[in-house]
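Scroll down for the structure; my scribbles are underneath it.
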Amino acid sequence: MIQTQRQNVYDSYLEAALKKFKPKDLELYDLKKWKFDYRFLSILEYLKKDHTELKGEILKPLEEVLDGVFRFPMLEEKFACRLLTEVAYFQDWCKKAGHQIVRPNSMNNYGAILDHFGFKTALSDLVSSVIQPLAARLYRAEFAKKYGLDSHHGFLVEYETGKDTNLNFHRDDSGNTRPSKLQNM
């Protein structure tokens, strides 16, 4: 009974969000219009070529911070700010429409799941045309074959002093995680 009520609330929220929400910045919903950091684009171009070794000046922004864990710039700052503004706009819309936002996970009380308001296609395209080829070059071929990227869970969470102060250690069960630090400038 409780599960059915939760599912009904969730279904109602998704239906309203996907059918009634009108995006403020339509370009954000089309991957072809995303603004990637020039260093990230250079890395992608380099990796498309058949280099046997992954080294060189162009790969400096691609930093391996731990074995198999890479850090690199991905989005232009202005574009990242536009994305944050769109998420805030969606959250404001939910509040005004009386919809409780379904949060990205059970730990965070701030943030939104991007698929819930129109980003599903852009994120699917990002995974298939950008992240999958990148992962195939950065990780052993057998890893890429066994753990191919076949789905995504795109979301933003908000961290601020005094908010979500009791976030415990947790494990992520994804094959590939691409956390991005976005902040309004």
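The values are calculated or read from the model by the stated rules, or taken from the named source; none is laboratory data. Computed from a prediction, not measured in an experiment: that's the story for all the values here. Here the Cβ positions follow ideal geometry from the backbone for every residue, glycine too, while neighbour counts run over all protein chains shown. Just the protein is used for accessible areas: all its heavy atoms, side chains included, with ligands, DNA and RNA removed. Shrake-Rupley method; radii C 1.70, N 1.55, O 1.52, S 1.80 Å.
Side notes on the structure shown:
- Restricted to segment 11-121, the set of strands (runs of 3 or more DSSP E) holding at least 1 residues that are open to solvent by 40 Å² or more (accessible area, probe 1.4 Å) and closer than 23 Å to H153 by Cβ comprises 63-66, 69-71.
- Subset of segment 122-167 that is within 19 Å of E86 (Cα to Cα) and open to solvent by 90 Å² or more (accessible area, probe 1.4 Å) - its residue that is modelled with the lowest pLDDT: E160
- Among the residues making up segment 1-40, those that are at pLDDT below 90, within 15 Å of K120 (Cβ to Cβ) and of a type in the set (D, E, K, R) are E15, K19.
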